[in-house]
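Encoded as structure tokens, the structure appears first; notes follow it.
We did not get these values from a lab; they are worked out from the coordinates using the rules stated. Computed from a predicted model, the values in this text were never measured in an experiment. Here the Cβ positions follow ideal geometry from the backbone for every residue, glycine too, while neighbour counts run over all protein chains shown.
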Amino acid sequence: MLLCAHEFAAVAERVQQAPRLLVLTGAGMSAESGVPTFREAQTGLWARFSPEDLATPQAFAATPERVLDWYRWRRDLVAKAAPNAGHRALAQWQRGHPGMDLVTQNVDGLHQRAGSTGVVELHGRLSHLRCEQCAQSLPWPDDDPGGVLWHQCGSGSVGGSRKSIAALAAPAGRLRPDIVWFGEALPAAAWEHAERRAREADVVLVVGTSGLVHPAAALPSIAQRAGAYVVEVNPQPTALSPEVDACVSGTAAEVLPQLLAMPPA
Ligand SMILES: [Zn+2]
């Protein structure tokens with residue numbers, strides 16, 4: 001459903017005048033940045049593996065080097081991508097409107113690269129590793145030595161191989177991607193923050209997500225029950241479409257610059 005011009009202007013006005021705007025983004029947000037979706041990305045060396053073979057605690061326990069190499073490859077794909085006009089529009093809007101919150105299911109970091117701050121990453125981040133022992137999250141090092149990585153707990157930095165860390169006195173922890181895998185719970189603090197913002201929001205903008213990934217899919221209805229006006233931006237109708245107050249048909253890069261730039265009628 002494509003909204004006609006006056007309907008679009010009315011939706012834009014509601015979005016722009018919301019004291020508290022919550023923006024929820026999913027994979028469609030980054031499609032025009034050239035970030036392949038989880039499944040599209042399974043090409044070349046990785047074509048014989050499904051994400052379910054790699055993005056699980058069981059896969060990491062069995063073949064940690066393979067799982068880390070897959071994430072290294074995905075990090076390279078994302079490094080070649082760039083934020084699109086939709087990411088930039090959100091970042092620009094946020095600078096002038098501190099009442100906006102941004103919650104994403106994406107792990108690609110493109111909102112931050114566009115200039116957004118305080119982004120709540122429900123499914124983790126490709127840019128970081130996390131210690132299995134102490135749960136500390138550390139930036140993936142630029143001088144990645146490859147293989148399975150360890151660190152000295154409490155040191156605040158990524159070390160290297162098990163052998164190099166074993167020489168140190170303090171306890172060592174193995175590092176895993178800082179990603180929420182299949183079968184794992186969302187990070188509690190991120191989820192609680194998102195849920196609270198959903199209850200407080202005046203308007204929720206759902207961008208580029210099918211609404212099918214739980215529990216994040218519950219956020220629009222949590223917001224709606226608390227009185228928010230919910231707007232969906234997607235190229236195609238989704239499972240969420242019948243539930244929302246307005247649908248804007250189009251991609252994030254097409255719709256967001258217009259939605260956030262259109263002067264109030
Ligand atoms: Zn540790």
- Taking the highest mean first, how do the peptides 141-148, 118-125, 18-25 order by number of other beta carbon atoms within 10 angstrom per residue? 18-25, 118-125, 141-148
- Query: Against the longest alpha carbon principal axis of the chain, how many degrees, from 0 to 90 and to the nearest 10, is the axis of helix 64-80 turned?
  - Reply: 40 degrees
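Helix-derived [θ] at 222 nm for the chain: sum -39500 (n - 2.57) over DSSP H runs of at least 4, divide by residue count, nearest 500?
On the way: 11 runs with 96 residues, N = 265.
Value at 222 nm, helices only, nearest 500: -10000 deg cm²/dmol.
Between Glu195 and Ala239, what FRET efficiency comes out of the Förster formula 1/(1 + (r/R0)^6) with R0 = 22 Å and r the beta carbon distance, rounded to 0.05? Kindly include the intermediate steps, with their values, before the conclusion.
Details: r = 20 Å, r/R0 = 0.91.
Step by step, r from the Cβ atoms, then E = 0.65.
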- Note on the structure: Footprinting proxy, Phe49, Phe182, Phe60: sorted fewest to most Cβ within 10 Å, the residues are Phe182, Phe49, Phe60
- Message: About the Cα centre, and with charges only on the beta carbon of Lys, Arg (+1) and Asp, Glu (-1), how big is the dipole of the chain? Nearest 20 debye, please.
- Response: 560 debye
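Could the peptides 100-110, 71-81 be put in order, highest first, of the mean number of other beta-carbon atoms found within 10 Å of their residues? Spell out each step's value before the answer.
Working: 100-110: 24.5, 71-81: 15.6.
Top of the packing list down: 100-110, 71-81.
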- Message: Test of understanding: extend the Cα→C-beta vector of Ala9 to 7 Å, then name every residue of segment 211-250 with backbone N under 20 Å from that spot.
- Response: 246-249
- Note on the structure: Ranked from fewest to most other Cβ atoms within 10 Å of their own Cβ, His128, His87 fall in the order His128, His87
- So what J values fall out for segment 12-19 if you push phi through Karplus, 6.51 cos²θ - 1.76 cosθ + 1.60 with θ = phi - 60°, rounded to Hz, Gly and Pro as x? 4, 5, 4, 5, 6, 9, 5, x
- Query: All other residues with a Cβ under 12 Å from the Cβ of Cys131 taken together, and with Lys, Arg as +1 and Asp, Glu as -1, what is their net charge?
  - Reply: +1
- Given backbone amide H placed at 1.01 Å from N, residues whose amide H is under 5 Å from that of Met100, ignoring those fewer than 5 places away on the same chain, are Leu21
- Query: Pairing the Cα long axis of helix 252-261 with the longest principal axis of the chain, what angle in degrees results, from 0 to 90 and rounded to the nearest 10?
  - Reply: 50 degrees
- Please determine, in degrees from 0 to 90 and to the nearest 10, the orientation of helix 188-200 with respect to the longest principal axis defined by the Cα atoms of the chain, where the helix direction is its Cα long axis. 10 degrees
